[in-house]
Each structure stands twice: as structure tokens, then as C-alpha cells.
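S.K.: Here's a structure for you.
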Amino acid sequence: MVEAGSRMRNQPAPPHVIFEALTEPNRDPARPWLLLLDDEQRPQTTHAQWPNLVVWSSIWAKRPDAVVRFDLPSDGSGGTQLRWTLLMAEPLPEPSLLGHLRKRLNQLINGNLRRTFGQ
């Protein structure tokens, strides 16, 4: 597996809350954030170490080899310095598809999830 993309951004909630949101994405039906497209599937948590690490299976049926790793260190002021890393087997997809996959992860994690915490 090689790194196909990574992004780090602060989330306002503490690591244990982000951990729960990633391992149980639909736990709060009043605050849905894992809104998948037609070509995406709900990920499974394949590995987790509370409260600082979550690994998902692929959300793309076209790339079942893909995994997403979430590192969840504290930011030192009550929030989480979340980093997602997309890992894939070679060969990597063509640049336009790879860009789409990275953008989707960013939308889901640094857009949708982040907004559920009021930001």
C-alpha cells in the first residue's frame, strides 16, 4: 500500500468524540455526516485504537483495496488535529480519479463531519 493522499485539519471536538463519530458514523440521526454518493459504500472499521486511531475499509466499490487511516491526536486545547490518509495498492488511479477520491474524503471529513460540531 502506498499513500495516495493525506490532509490534516483541526476538528473542534476532542479525540474520543471524533473516534466515536468515525467508528459509528450514524450514531446520531439528528446529525448525519456520512452522506455517500451512488458509487460509494459504507466503510467498515477494520482497526481501531481508542481514542487515537481508526482505519476504514474502502468506500469505493471500484477500489476495494483502498483504506483510510485516521490519526486523532489532541490539539492541546480540547480539539483534535485529525489527519486522514488514503492508502491504495499500486497502480494508483489516473490523476483525475485520484483527485476526486481525495476531494470526497476531504468533503466528508473536513466538511460534513466538522460541521456536525458547529464549524
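The values are calculated or read from the model by the stated rules, or taken from the named source; none is laboratory data. Just so we're clear, the structure is a prediction, and the values are computed from it rather than from any experiment. Here the Cβ is made from the backbone with ideal geometry for all residues, glycine too, and neighbour counts use every protein chain on show. Note: areas computed on protein heavy atoms with side chains; ligands, DNA, RNA excluded. Shrake-Rupley method; radii C 1.70, N 1.55, O 1.52, S 1.80 Å.
S.K.: Can you give me the solvent accessible area of L97 with a 1.4 Å probe, rounded to the nearest 10 Å²?
M.R.: Accessible area, nearest 10 Å²: 60 Å².
S.K.: Between region 27-44 and region 2-20, what's the alpha-carbon centroid distance in Å?
M.R.: Distance between centres, Cα-based: 17 Å.
S.K.: How big is the dipole moment of the chain about its Cα centre under a simple scheme where the beta carbon of each Lys and Arg is +1, that of each Asp and Glu is -1, and everything else is neutral? Debye, nearest 20, please.
M.R.: Details: 14 positive and 12 negative charges, 62 e Å.
In total the dipole reaches around 300 debye.
S.K.: If each of D38 and E24 carries a label point 7 Å out from its Cα toward its Cβ, how far apart are those two points in nm?
M.R.: 3.3
S.K.: Ranked from the most accessible area to the least, with a 1.4 Å probe and all protein chains present, what is the order of F19, F70, F117?
M.R.: F117, F19, F70
S.K.: Moving on. What's the whole-number percent of alpha carbon pairs in the chain lying beyond 26 angstrom?
M.R.: Here the long-distance tail beyond 26 Å is 14 percent of all Cα pairs in the chain.
S.K.: I would also like to ask the following. As I understand it, the value is the acute angle between the Cα axis of helix 95-106 and the longest principal axis of the Cα atoms of the chain; what does it come to in degrees, rounded to 10?
M.R.: 20
S.K.: What does the convex hull of the Cα atoms of region 31-74 come to per residue, in Å³, rounded to a whole number?
M.R.: Convex hull volume per residue, Cα atoms: 81 Å³.
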